[in-house]
1. If you scan the stretch 347-362, which residues turn out to be surrounded by fewer than 19 Cβ atoms within 10 Å (Cβ to Cβ) and in contact with a Pro (Cβ under 9 Å, 6 or more places away or on another chain)?
2. Looking for something of a type in the set (D, E, K, R) and more than 25 Å from Ser122 (Cβ to Cβ) - is there at least one such residue anywhere in the stretch 195-213?
3. Can you pull out every residue in the stretch 337-350 that is within 15 Å of the ligand (Cβ to nearest atom) and of a type in the set (D, E, K, R)?
4. Would you pick out the residues in the stretch 356-398 that are farther than 15 Å from Phe338 by Cα and either hydroxyl-bearing (Ser, Thr, Tyr) or within 16 Å of the ligand (Cβ to nearest atom) (or both)?
5. Name the strands (runs of 3 or more DSSP E) wholly inside the stretch 110-206 in which the number of residues that are under 28 Å from Asp267 (Cα atoms) and of a type in the set (A, V, I, L, M, F, W, C) is 2 or more.
6. State the number of residues belonging to the stretch 259-271 that are within 14 Å of the ligand (Cβ to nearest atom) and either surrounded by 24 or more Cβ atoms within 10 Å (Cβ to Cβ) or not assigned by TED's automatic domain parsing to the domain that holds Leu425 (or both).
7. Answer yes or no as to whether Gly274 is at pLDDT 95 or above, within 16 Å of the ligand (Cβ to nearest atom) and at positive phi.
Amino acid sequence: MLVPGTKASAPNKKGIQTMAAPMLDAPRETLATLIGRSLTDRSEVDGLAELCSKAGGRLAGTPAHAAAEAWGRQRMRGIGLAPVRLQRFETPTWQRGACRLTIVRPDQGEVTCAAHGFTPRSAKAEADLIDLGPGLYRDFERRGRKLRGKFAFIGEAPPPGERAPHRSEQFRWACEAGAAGMLLGSRVPGLLPQTGMCAEEEASIPSVGLTLEDSARLLRLLRSGQRVRARVEMRNTVGVSRVANVLGDLKGRERPEEVVVIGGHLDAWDVAEGAVDNGTGCAVVLGVARALASLPEPPRRTVRFALWAAEEIGIVGSRRYVEKAWRSMDSHVAYLNFDMPGDPDRLLLCGRKAEVGALAEMQAILAGLGVTEPTSTGICLATDLKPFVFAGVPIVSALGTLRGGAGSCYHTAADTFDKVDVPSLLRMTACAAALTYALAECEEAPFLRHTGEQVRAAFAEEGIAGALEGADCRLPD
Ligand SMILES: [Zn+2]
């Protein structure tokens, strides 16, 4: 059947021209059952509370991460997935030590800060601050040589409609300009500096997050013409650790070799409990596993549930999975990702605008859960989506909006279990369960894996062809 809004896709392996097939030949009653169960079963909310208490700040390479791996394996086994395995690999890791930020001119003493990931093992630097506004590329260009030997200070939000550069991009520009370090103001109030990566291996200069309140004051001082000088002292640990992705399968009843993967990252920043980022994503993945495993029979295809290691320090776990499974990538029918999922409001179909019609029926079914916005078709290279996007695997997922305190705890000490909005979490689980089941059950795979040429074309259409250069992810031949 031809679905409105879809178009002929590339020939499949047999050389037959196929159309994007409708994905909803999955029985409606089963979808309704899954949605109902997901909305009423709080087991994985309890599981999330346990994760937060047992393995709070679970940065890759820490004992807390190892405890989280054991937690994930135990929960998957309890749900009845088989096999459940730990996919181990080595990765560079970073651990926070002491960090002090002192405003020495005007003399204001020590202020709260949070070192960024992969800052040096040891650093001590004192320098004047240079106001870089929101820290866009043009701001760095405009300051040019003035930045040499000074601290790049970013204390402003980008203007509306302007993409905020990632902190690691800003850090790279600061390094290229010969800065002595980077100071990055928080975007959320409440004396909460934000952490996060600034590099993927040990950096040569320090970089720290400041509170919104301190950075607003320093910005006022600078803009009133005063000279502001700061001192940063830090110690961290940099090394290599063995960590593991936790993988569990629900074996398909008819085509077990074809796989739908649903994943979210297990690791979290050490400054809090990692409840929202990304305990909520893990709870969605496990909640879907629980709902699907409770059906009288599994869907046609295998569903693989993945809790990825080491996302926060460089999207390492999902990248390793894709590398290791490369030869079977053609049988990966779809990937769904949940990272700070929020309350569902739209579906996601990365880089496949022309095929969006195939999701129309699904959207109609999920409208009651809040999925009423147009499907997002932009290419997202953030989080664990990245290696699957590069590999050409169809990304079919759901996106949402963070409610309550969940929106303002990103990478701060406030990311604790009390910020989890349970109704949002259950609605997202219901959405994800229906979507996963439909993808794993439908007669014909609704989307085909893109060739290398198609991936390049999609990136070009999106205006992000530059992201293909020097990327650490593999493209299909
Ligand atoms: Zn995350």
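The values are calculated or read from the model by the stated rules, or taken from the named source; none is laboratory data. Since the structure is predicted, the reported quantities are computational estimates derived from the model, not experimental observations. Glycine also receives a Cβ, built like all others from the backbone with ideal geometry; neighbour counts cover every protein chain displayed.
1. Passing the criteria: Gly357, Ala360, Glu361.
2. Scanning the stretch 195-213 turns up at least one residue that is of a type in the set (D, E, K, R) and more than 25 Å from Ser122 (Cβ to Cβ).
3. Answer for the stretch 337-350, where residues must be within 15 Å of the ligand (Cβ to nearest atom) and of a type in the set (D, E, K, R): just Asp339.
4. Scanning the stretch 356-398 gives Thr372, Thr375, Thr377.
5. Where strands (runs of 3 or more DSSP E) fall fully within the stretch 110-206 and carry at least 2 residues being under 28 Å from Asp267 (Cα atoms) and of a type in the set (A, V, I, L, M, F, W, C), they are 113-115, 181-185.
6. Counting residues in the stretch 259-271 that are within 14 Å of the ligand (Cβ to nearest atom) and either surrounded by 24 or more Cβ atoms within 10 Å (Cβ to Cβ) or not assigned by TED's automatic domain parsing to the domain that holds Leu425 (or both) gives 7.
7. On the way: at pLDDT 95 or above: yes; within 16 Å of the ligand (Cβ to nearest atom): yes; at positive phi: yes.
Spelling it out, Gly274 is indeed at pLDDT 95 or above, within 16 Å of the ligand (Cβ to nearest atom) and at positive phi.
Residues are listed down the side, and each one gets a yes or a no for (1) charged (D, E, K, R); (2) touching a helix residue (DSSP H, G or I) at 6+ places or on another chain (Cβ under 9 Å); (3) assigned by TED's automatic domain parsing to the domain that holds Ala114:
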site: Ala199; (1), (2), (3): no, yes, yes
site: Ala203; (1), (2), (3): no, yes, yes
site: Pro206; (1), (2), (3): no, no, yes
site: Gly209; (1), (2), (3): no, yes, yes
site: Ser215; (1), (2), (3): no, no, yes
site: Gly225; (1), (2), (3): no, no, yes
site: Arg229; (1), (2), (3): yes, no, yes
site: Val232; (1), (2), (3): no, no, yes
site: Arg235; (1), (2), (3): yes, no, yes
